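Here the structure is laid out as C-alpha cells; the discussion comes afterwards.
Each reported figure results from applying straightforward, stated rules to the coordinates on display, with no laboratory input. If you're wondering where the values come from, they're calculated on a predicted model, not measured in any experiment. Note: ideal-geometry Cβ built from the backbone for every residue, glycine included; neighbour counts use all protein chains shown.
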Ligand code: GLN
C-alpha cells in the first residue's frame with residue numbers, strides 16, 4: 001500500500017507499531033504538497049519546516065509511549081484558524097500580512113494532540129462562497145475530473161482547499177468550518193467525509209468570524225472513522241467562547257459500529273426539489289434502501305419551512321458578517337492603504353482589501369440591519385429561523401436522524417455559476433437549514449455521477465447527538481463502498 005493511501009486510523013496504528021515514523025510520513029506529504037500545490041492551489045501558505053519539526057517531536061512522543069491517535073499525523077489547517085506565528089489570511093488581501101500572536105482553540109487542541117500542520121488551506125474569502133472562486137489567492141482546482149474531460153472543476157467551498165488537499169492525498173485530514181455548508185458541500189464535491197458538529201460543540205475562539213451564530217469548526221477526511229478521530233480532539237467546552245457548550249465530549253469512534261437497527265430515519269418531502277438532478281434523487285433513494293436493508297425504519301417527514309432556509313440565511317449571515325468585518329479598518333489588523341484623512345484611509349483600505357463577494361455581503365448586511373429595514377428583514381428572518389428550528393425539533397420527536405442529498409449537483413466547472421450570485425447561493429439549499437437550526441450534519445461519499453464525479457449524502461442529527469450521525473454515516477459508508485479516486489493525486 002502506498003503511503004498516500006493510508007487513512008488516519010491506519011497511519012496511527014502503523015506509527016504506534018513503529019512500522020513507519022512521523023518524519024517519514026510528513027516528508028512524503030510535504031513532497032506531495034510541493035508537487036501538487038502549484039497546480040491545485042489548495043494551500044495559501046505551506047509550512048514544511050514547521051511540519052518536519054512537529055514530526056520529530058511526534059516521533060519522540062510516540063517513543064515515550066505518550067501518543068494520541070493524532071500524534072504525528074499530517075493535516076491541512078483551513079486558513080481561517082488563527083495559528084500563532086503562522087500567517088493567517090482568511091483568503092483575504094486585507095489580512096495578507098497578518099501573523100496572529102495567538103492560537104485558535106481548535107488548532108491548539110490538534111497541536112496538543114500531536115497532529116502535524118502541513119500548511120494553511122485555501123478557502124473562499126472570509127469563508128463566503130461555495131466554490132473557492134472568491135479567494136483572494138486564486139481559485140482551488142478540484143483533483144477530480146469529469147470522465148474524458150480535462151475541464152478544471154471547483155472543489156466546492158468554502159473549505160475547498162482543505163477538501164482538495166485531502167482528496168489529492170496531500171494531507172491525511174483537514175480542518176474546515178461550516179457556516180451554511182462549507183464542510184459538507186466541498187466534502188461531497190471531492191469524495192470525502194466531513195461533519196459540521198452541533199453549534200457550540202467546537203470552540204470558535206480564534207476562528208476568524210464570518211457569521212457568529214452559524215460558524216462551526218469540523219473535520220474533513222477520507223472516511224467517517226477519521227472524522228470521528230479528528231472531532232474527538234477538536235471538540236470541547238472553552239471558557240473563551242461563550243457559545244461553546246458545557247458538555248462532555250464522548251469518544252465518537254465508539255458510535256461507528258453501532259449500526260442502524262431500529263433507528264428511525266426521516267426523509268423530508270420538502271428536499272425533493274423540482275429541478276434537482278435526477279441522479280442525485282436516485283442516489284438518495286439508494287441511500288434509504290441501504291439503511292432499510294441495514295435494519296433502519298424509513299419514515300416520511302415534513303420540514304415545512306425548508307423553502308425559507310436560503311432567504312433567511314442570506315439575510316442573517318451577511319448581517320452578522322457586516323458587523324464582524326467592521327474591525328478590518330486598516331488600524332488594528334492586516335493591510336492599510338493610507339489616505340488624506342482617517343475616513344479616506346478606511347475607505348481605501350477596505351476598497352483594496354475586500355473582494356467583490358465580501359463587499360456584496362457587507363452591503364446586504366448593513367442594508368438589512370439599517371434603520372427602517374431592520375424589522376422587515378433582519379427581525380423577520382430571525383423569526384423564520386425559529387420556525388426552521390422548530391421544524392427540526394418536531395421532526396426529531398419522530399425520527400432519530402434525517403437523510404438528504406448534500407448538494408443539488410456534482411462539482412461544477414471553474415467559472416460556471418459566476419455571473420449570477422443567486423445561482424451560486426442555490427448550492428446551499430440542502431445544507432443551510434441544519435446550520436440555521438444548529439444541528440449536526442455529515443456528508444458521506446455515496447456514489448459517482450454519470451460524469452464520474454463524487455456525490456454525497458447528508459445525515460442530520462439531533463443537537464449534540466453526533467454519535468447517531470456517526471453511526472448512520474458509517475452504515476451508509478459501508479453500504480456505498482465508495483473507493484473511487486481522483487485523477488490528480490499523490491501516488
Ligand atoms: N456557501 C455559503 C455561503 O456562501 C456557506 C459558506 C460557509 O458555510 N462558510 O455563505
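Rounded to the nearest 500 deg cm²/dmol, what is the calculated helix-only ellipticity per residue at 222 nm for the chain, with -39500 (n - 2.57) per DSSP H run of length n ≥ 4?
Details: 15 runs with 178 residues, N = 491.
Rounded to the nearest 500, the figure is -11000 deg cm²/dmol.
Residues of the stretch 295-320 with backbone nitrogen within less than 14 Å of a virtual label 7 Å along the Cα-to-Cβ line of residue 269, please, listed as ranges.
299-307
What ranking of 140, 166 emerges when the number of other C-beta atoms within 10 Å of each C-beta is taken as an exposure proxy, fewest first?
Values: 140 36, 166 32.
Least to most surrounded, the residues fall as 166, 140.
Please work out how much length the chain gains when fully extended from residue 397 to residue 5, using 0.36 nm per residue of separation minus the C-alpha to C-alpha distance, in nm with one decimal.
Fully extending the segment from residue 397 to residue 5 adds 137.0 nm.
How many angstrom lie between the C-alpha centres of the stretch 403-475 and the stretch 357-373?
After rounding, the separation between the Cα centres reads 27 Å.
Quick one: if the Förster radius is 51 Å, what FRET efficiency do residue 17 and residue 351 give, using the C-beta to C-beta distance and rounding to 0.05? Present the calculation step by step, with values, prior to reporting the outcome.
Details: r = 56 Å, r/R0 = 1.10.
Calculated transfer efficiency: 0.35.
Please give the FRET efficiency for residue 285 paired with residue 147, using the beta carbon to beta carbon distance and R0 = 22 Å, rounded to the nearest 0.05.
On the way: r = 23 Å, r/R0 = 1.05.
With R0 = 22 Å, the Cβ-Cβ based efficiency is 0.45.
Please compute the modelled spin-label separation between residue 326 and residue 299, points set 7 Å along Cα→Cβ, answer in nm with one decimal.
The answer from the label model is 4.4 nm.
What's the exposure ranking of 341, 5, 215, 238, going from fewest to most Cβ atoms within 10 Å?
Numbers: 341 7, 5 13, 215 26, 238 21.
By the 10 Å Cβ count, ascending: 341, 5, 238, 215.
In nm, to one decimal, how far is the residue 56 label point from the residue 96 one, both placed 7 Å along Cα→Cβ?
With each label placed 7 Å out from Cα toward Cβ, I get 3.4 nm.
Cut-off is 10 Å between beta-carbons; in what order do 369, 40 appear when sorted fewest neighbours first?
Working: 369 18, 40 26.
Fewest-to-most ranking of 369, 40: 369, 40.
How much of the DSSP bridge set in the chain is antiparallel, in percent, rounded to the nearest 5? All intermediate terms of the calculation are to be shown ahead of the outcome.
Numbers: 29 of 43 bridges.
Counting DSSP beta bridges with both partners in the chain, the antiparallel share is about 65 percent.
Please give the length that would be gained between residue 239 and residue 373 if that part of the chain were fully extended, namely 0.36 nm times their separation in residues minus their C-alpha to C-alpha distance (nm, one decimal).
On the way: separation 134, 0.36 × 134 = 48.24 nm, distance 3.52 nm.
Extra length available between residue 239 and residue 373 comes to 44.7 nm.
Classify the chain: rounded, prolate or oblate, from the alpha-carbon gyration tensor (a ≥ b ≥ c, eigenvalue square roots; a/c under 1.5 rounded; otherwise prolate if a/b is larger than b/c)? Present the calculation step by step, with values, prior to reporting the outcome.
Working: a/c = 1.42, a/b = 1.03, b/c = 1.38.
Rounded, since a/c falls under 1.5.
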